[in-house]
Structure formats: C-alpha cells, structure tokens
Amino acid sequence: MSDAKISKASKLPIKLFNKDFILLWFGQIVSSMGNSFQYIALMWWIMSKFPTVQSGIVMGWMFAFNMIPVAVLGPFAGVLVDRISRKAIVVLSDALRGFLILWMAYLAYTGQLTVFWIYTISTLMGAGSAFFRPSLQSTIPNIVPDKHLTRANSLYQTGAQFTQIIGPALGGVLVGFLGTSFVFALNGTSFMISAFTEIFINFRQTFRKSEKIKSFFFDLKEGLKFVYSQKIIFWTMMIVSVINFAFAPIDILIAKQVKDIYNLGALELGYVVSAFSVGMVVGAALLSILPEFKKKHNIIIINMLVSGLLFAIMGFAPTLIFFLIIAFLIGFGVSIPNVLFTVVLQRMVPDEKRGRVFSVLTTSATILQPLSLAMIGGISAVMSNIMIFLVLGSMLVISSSLMYFVPGMREV
C-alpha cells in the first residue's frame, strides 16, 4: 500500500465525557430500553399464540433469521464501513430499524401480524445490525482518549445493560396492561430518537486516500488477510464462534424454563432477563472503576470458564430464585471478557481497517448461531432443559479452556 495516504481525523477530545460520547451513549441507552421492552413482548406473543413445542421452533427461527444477515453481510458491510461515512450508516441503520418496528406495531394493532412478518422483519433488522455494529465498534476509539478506552467501553456496556435491568420487568408489566402493539411502538420510537441524537456526533473517521482506487473485493481481501495474519484475532475468532453457538439458545431455554418448568408468566421472565443484565452492569461498572489491567488474559479466560460451568448447571435450578442467582453470575462473568477483549481489538486494529475487521469478527461470532437456534426448537421437544443446559455448558467450558493455547493470548 505504498500509494496509500491516511487522511487526518480531527483531534481527539481530552475528556471521556465529551459531547460525542455522551450523545452516542444516550442514544443507545434509549434504543436499548426499547429493545428490552420488545424482547419480552415478542417472546410472549409467540408463546401465547403457539403450543409449547411449536413456540420454541418459531422463536428459534425468529432469532436465526435475525442473525443470518449479520453472518452473510458482515464482511461486505465492513468494507463499506471503512469506505463511506460511518455516521451515515449509524443514523440510517437506526432510522430504518425504527421504521420496521413501528410497522410491526401497526400489524400487531390491526391483527395482521403473522409468523411471516415476524421472520421478514427479523431478517431486515439483522441486515441493519450487520452495518450498525462494526460502525459503532470502530467509532468509540475515535471519540474518547485512548487512556479512557476501557472505561468508555465499560460505561457503554453498563448503560446498555442497565436498561435490561428495568426494561424486561417493566416490559412484562406493559405487555400485561397495554398489549404488545403498544410495546412495539415504544421500541420503534426509541430507535428514531437514537437516530436523531446520532446526527450531532462527530465520528472523526479516518479515510485512506489513494491515487488508485482499489476494488471492493481488494478491500475485502485486505481485511481478511489482516485477521488471518494476527493469530490471536484469528484463533480467538474460531473459538468464539463455538462459544456463541452454545450460548445462542439461552433466550429460548430461559423462556421455556420460566413458563413450562416454573409455571410462571411474562413478569417473571422479565426478572430473569433483568438478572442477566444486573450481572453485566456490575461487571462492566467494576471495570470502569478499577485501574486498567496490564495483563488481561487470565481475567478474560477465568470469567469465560466460570460462566460455562454456571450455564451447565442452570437447568438444575430448583426454583426461580436459584435461577435468578445463576443468571446474575453468568451476566457478570460474560461482561468482563466482552469489554476487555473489545479494548484489545480496538487498540490492535488501525482505524482505516476497523470496519472490515470487526465485521469479519461479527460474522464469525454469529455464523453458527442460526444453526443452533434452528436446531434447538426440535431438540427441546425430545430433550429436557436440564440436558440441553448441561451439554451446551460443557461445550462452553471446553471452548473457553482452549483460549489458553491461542498464540499471543498470554501477552494480552
């Protein structure tokens, strides 16, 4: 790339809590709150409309259709994220997803919402996420000082997960009193608000300027070559794809546990989702307070291992209280490696390649999830929740253990 020149992005702010970070943080808190409402409303709508076995299949395919576009479009989206305005991508992604959810609200209100529309809207929402996620992950290092990068990612996750604490429980109440269509409309509006706040953010994007414009597929190949050349990224990517395969059905499993094992309702389902989020908030908040760890690999891997062990025993929880405690601990254990490894990647990858790298990582992380979600509906009809949790948890423990053998991991 001798012909390439890097355009200068505007100077980074000195403070963590600058205008751009606050606006990005606020917008995502609002849309995350709406999503937490919809999560409960949509799952409860499906479980109310279909028998137990069929509802598991419908939910599995709904989540699968949401993730397939992320896996398929991810690498191509990454090229665009590095080539064109990330600000435009972020704003349009949120606005279009807001419109889709408002359309779902209208269909639910008029009695026209069907499985076809749920699958279609889930697919289109996934396509929006395929462009939104790498844009956001690539942007955070450009709007906060490097010394505050761990705190920024921790606070971002804390804000998003805090909405999941009160959101699902409040969502269960709203579904009971106001109905699913009202909850869908709230979520659609939240995405529109998020899109509006993002208009005023300076994304400080770095563009590569070249005398010869490279082809789309050249840029795609360059991103893939970078990922493969960084062995710590490549092998972690492979392991995380298996970990996410095992974690993917958790939403379906907890819904079935609450409704079919504990014989409880939407409000209690909201409590369980909130417990996960409380754990994630506590973990992320702890990272934002503590001094940054110079060596992160032991913290990352130990938390992954413990989360896998807890997942394996989750189905044995005799009561909702025990189930809530395990959910909290898993949330705590998952949040810490999420934040720490994101910081490692943001520092390791140059800005002009971040979109492509994060898109490839997102694709690898989600590529096996649709398969897992599609399978789980049928499997849950012939296998108990206890056995499913045990098998998937064992997969998590084995996969997490392999992280110790990733080249370069012990230097992180």
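The values are calculated or read from the model by the stated rules, or taken from the named source; none is laboratory data. Just so it is clear, the structure is predicted and the values come from calculations on it, not from any experiment. A quick note on method: Cβ atoms are made from the backbone with ideal geometry, for glycine too, and the neighbour counts reach across all protein chains shown.
Does residue 63 meet the test of being within 11 Å of residue 125 (Cα to Cα), assigned to a helix (DSSP H, G or I) and either out of contact with any Ser or Thr (no Cβ under 9 Å at 6 or more places or on another chain) or of a type in the set (D, E, K, R) (or both)?
On the way: within 11 Å of residue 125 (Cα to Cα): yes; assigned to a helix (DSSP H, G or I): yes; either out of contact with any Ser or Thr (no Cβ under 9 Å at 6 or more places or on another chain) or of a type in the set (D, E, K, R) (or both): no.
Taking the combined requirement at face value, the residue does not satisfy it.
Mind listing whichever residues of the range 381-412 are modelled with pLDDT of 80 or more and not in a helix (DSSP H, G or I)?
Residues of the range 381-412 that are modelled with pLDDT of 80 or more, as a first pass: 383-411.
Answer for the range 381-412, where residues must be modelled with pLDDT of 80 or more and not in a helix (DSSP H, G or I): 383, 384, 406, 407, 408.
Just the residues that are hydrophobic (A, V, I, L, M, F, W, C) and under 9 Å from residue 167 (Cα atoms), please, taken from the range 25-39.
First, the residues of the range 25-39 that are hydrophobic (A, V, I, L, M, F, W, C): 25-26, 29-30, 33, 37.
Answer for the range 25-39, where residues must be hydrophobic (A, V, I, L, M, F, W, C) and under 9 Å from residue 167 (Cα atoms): 33, 37.
I'm checking my understanding of the structure. Among residues of the range 377-400 that are more than 28 Å from residue 300 (Cα to Cα) and not polar (S, T, N, Q), which one is nearest to the chain's Cα centre (by Cα)?
Result: 377.
If we keep just the residues of the range 52-102 that are closer than 28 Å to residue 259 by Cβ and of a type in the set (Phe, Trp, Tyr), which is surrounded by the most Cβ atoms within 10 Å (Cβ to Cβ)?
Of everything passing the filter in the range 52-102, 63 is surrounded by the most Cβ atoms within 10 Å (Cβ to Cβ).
Hey, any hits in the range 286-294 for a residue that's among the aliphatic types (A, V, I, L, M) and over 29 Å from residue 148 (Cα atoms)? It would help to see each step written out before you state the result.
Going residue by residue through the range 286-294, those that are among the aliphatic types (A, V, I, L, M) are 286-287, 289-290.
Narrowing the set further to residues that are over 29 Å from residue 148 (Cα atoms) leaves none.
Among the residues of the range 286-294, not one is among the aliphatic types (A, V, I, L, M) and over 29 Å from residue 148 (Cα atoms), which makes the answer no.
Answer with yes or no whether residue 321 is out of contact with any helix residue (DSSP H, G or I) (no Cβ under 9 Å at 6 or more places or on another chain) and either in a helix (DSSP H, G or I) or surrounded by 22 or more Cβ atoms within 10 Å (Cβ to Cβ) (or both).
Numbers: out of contact with any helix residue (DSSP H, G or I) (no Cβ under 9 Å at 6 or more places or on another chain): yes; either in a helix (DSSP H, G or I) or surrounded by 22 or more Cβ atoms within 10 Å (Cβ to Cβ) (or both): yes.
Judged against the criteria, residue 321 is a match.
Name the residues in the range 84-96 that are assigned to a helix (DSSP H, G or I) and either at pLDDT below 80 or of a type in the set (S, T, N, Q) (or both), would you? Walk me through how you get there before you give the answer.
First, the residues of the range 84-96 that are assigned to a helix (DSSP H, G or I): 86-96.
Listed by number, the list holds a single entry, 93.
What is the residue count in the range 318-338 for residues that are under 15 Å from the mean Cα position of the chain (by Cα), under 17 Å from residue 393 (Cβ atoms) and of a type in the set (A, V, I, L, M)? Give the derivation first.
Here is the first cut: in the range 318-338, the ones under 15 Å from the mean Cα position of the chain (by Cα) are 331, 334-338.
Keeping just the survivors that are under 17 Å from residue 393 (Cβ atoms) gives 331, 334, 337.
Still in the list and also of a type in the set (A, V, I, L, M): 334.
The qualifying residues number 1.
Restricting attention to the range 162-205, and to residues there that are at pLDDT below 85, of a type in the set (Val, Ile, Thr) and surrounded by fewer than 17 Cβ atoms within 10 Å (Cβ to Cβ), which single residue is farthest from the chain's Cα centre (by Cα)? Outline the logic, then answer.
Initial filter on the range 162-205 (at pLDDT below 85): 162-180, 203-205.
The next check asks that each one be of a type in the set (Val, Ile, Thr); those that pass are 163, 165-166, 173, 175, 180.
Retained after the next criterion (residues that are surrounded by fewer than 17 Cβ atoms within 10 Å (Cβ to Cβ)): 166, 173.
Working: 166: 18, 173: 25 Å.
Looking at the filtered set, the residue picked out is 173.
In the range 264-312, how many residues are among the aromatic types (Phe, Trp, Tyr), part of a helix (DSSP H, G or I) and surrounded by fewer than 22 Cβ atoms within 10 Å (Cβ to Cβ)? Working first, answer last.
Within the range 264-312, the first condition is being among the aromatic types (Phe, Trp, Tyr), and the residues that meet it are 271, 276, 293, 311.
Cutting the leftovers down to part of a helix (DSSP H, G or I) gives us 271, 276, 311.
Applying the additional criterion that residues be surrounded by fewer than 22 Cβ atoms within 10 Å (Cβ to Cβ) yields 271.
Number of matching residues: 1.
Looking for something crowded, with 20+ Cβ neighbours inside 10 Å and small (Gly, Ala, Ser) - is there at least one such residue anywhere in the range 342-357?
yes
For the range 364-380, does any single residue satisfy the condition of being closer than 27 Å to residue 252 by Cα, part of a helix (DSSP H, G or I) and either in contact with a His (Cβ under 8 Å, 6 or more places away or on another chain) or aromatic (Phe, Trp, Tyr) (or both)? Working first, answer last.
Residues of the range 364-380 closer than 27 Å to residue 252 by Cα: 364-380.
Still in the list and also part of a helix (DSSP H, G or I): 364-366, 369-380.
Applying the additional criterion that residues be either in contact with a His (Cβ under 8 Å, 6 or more places away or on another chain) or aromatic (Phe, Trp, Tyr) (or both) yields none.
Within the range 364-380 (the criterion being closer than 27 Å to residue 252 by Cα, part of a helix (DSSP H, G or I) and either in contact with a His (Cβ under 8 Å, 6 or more places away or on another chain) or aromatic (Phe, Trp, Tyr) (or both)), the answer is no, since none of the residues qualifies.
Can you tell me which residue in the range 318-359 is nearest to residue 256 (Cα to Cα), limited to those that are at pLDDT below 90 and small (Gly, Ala, Ser)?
Only one residue tops the list, namely 335.
Please find, among 32, 36, the residue that is surrounded by fewer than 24 Cβ atoms within 10 Å (Cβ to Cβ), under 27 Å from residue 116 (Cα atoms) and not acidic (Asp, Glu).
Values: 36 fails: surrounded by fewer than 24 Cβ atoms within 10 Å (Cβ to Cβ).
Just one listed residue meets the conditions, 32.
Residues checked against (1) closer than 23 Å to residue 172 by Cα; (2) modelled with pLDDT of 85 or more; (3) among the hydrophobic types (A, V, I, L, M, F, W, C):
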| position | (1), (2), (3) |
| --- | --- |
| 214 | no, no, no |
| 224 | no, no, yes |
| 239 | no, yes, yes |
| 245 | no, yes, yes |
| 251 | yes, no, no |
| 262 | yes, yes, no |
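Only one residue in 123, 150 is at pLDDT below 85 and either crowded, with 22+ Cβ neighbours inside 10 Å or under 20 Å from the mean Cα position of the chain (by Cα) (or both), so which one is that?
Details: 123 fails: at pLDDT below 85.
Going through 123, 150 in turn, just one is at pLDDT below 85 and either crowded, with 22+ Cβ neighbours inside 10 Å or under 20 Å from the mean Cα position of the chain (by Cα) (or both): 150.
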